[in-house]
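These notes are about the structure you will find just below.
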Amino acid sequence: QVQLVESGGGLVQPGGSLRLSCAASGRSISTYGMGWLRQAPGKEREFVASIDWDSSSRRYADSVKGRFTISRDNAANTGYLQMNSLKPEDTAVYYCAVSRVRWATTASDFSSWGQGAQVTVSA
């Protein structure tokens, strides 16, 4: 069983940046795909980005394309989400998760989840 812990969330002004980290423990995630999803109040959880086990392929939601970058360090058993040019509509709880599904892009593709990190974009 993989345990995931997100960190790096917080309050940031519009146009600012944050970097989320996802530390895995329990087992190596080097053979799993990894993704980030988010959930805003009153809304369903939505896909943000995902990356294959060897970083050979990345996918992004249209709403974050060009602003967010997903990456991973298998040696450190950690994933990252660099978020630039943040907007108020990016405000949500961000979850990292792992998947055995290639090119995972929906919540049902992911198995183990972290507890979430709050990101608030506000002036």
**Q.** For the chain: relative contact order, % (alpha-carbon pairs under 8 angstrom, 6 or more apart)
**A.** 36 percent
Q) Equivalent-ellipsoid semi-axes (√(5λ), Cα gyration tensor) for segment 62-122, whole Å, largest first? A) 21, 14, 13
(Q) Output needed: percent of Cα pairs per 10 Å distance bin for the chain, bins running from 0 to the one holding the longest distance. (A) 15, 51, 29, 5, 0
Q: Quantify, in whole percent, the carbon and sulfur part of the accessible surface of the chain (1.4 Å probe; protein heavy atoms only).
A: 49 percent
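Quick one: dipole size for segment 1-87, taken about the Cα centre, charges +1 on Lys/Arg Cβ and -1 on Asp/Glu Cβ, in debye to the nearest 20.
200 debye
With only alpha-carbon pairs counted, each pair once and no self-pairs, how large is the Kirkwood hydrodynamic radius of segment 1-57 in angstroms?
Hydrodynamic radius (Kirkwood, Cα only) of segment 1-57 equals 13.4 Å.
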Q.
I'd like the distance between the alpha-carbon centres of segment 59-122 and segment 1-50, rounded to an integer number of Å.
A. 4 Å
Q: Could you state the accessible area per residue of the chain in Å², with a 1.4 Å probe and every protein chain left in place?
A: 49 Å²
(Q) Which order do the peptides 20-30, 38-48 come out in when sorted by mean C-beta neighbours inside 10 angstrom, highest first? (A) 20-30, 38-48
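The values are calculated or read from the model by the stated rules, or taken from the named source; none is laboratory data. Just so it is clear, the model here is predicted, and its values are computed rather than measured. Heads up, the Cβs are rebuilt from the backbone with ideal geometry, glycines too, and the neighbour counts pull from every protein chain shown. With ligands, DNA and RNA removed, areas are computed over all heavy atoms of the protein, side chains included. Shrake-Rupley method; radii C 1.70, N 1.55, O 1.52, S 1.80 Å.
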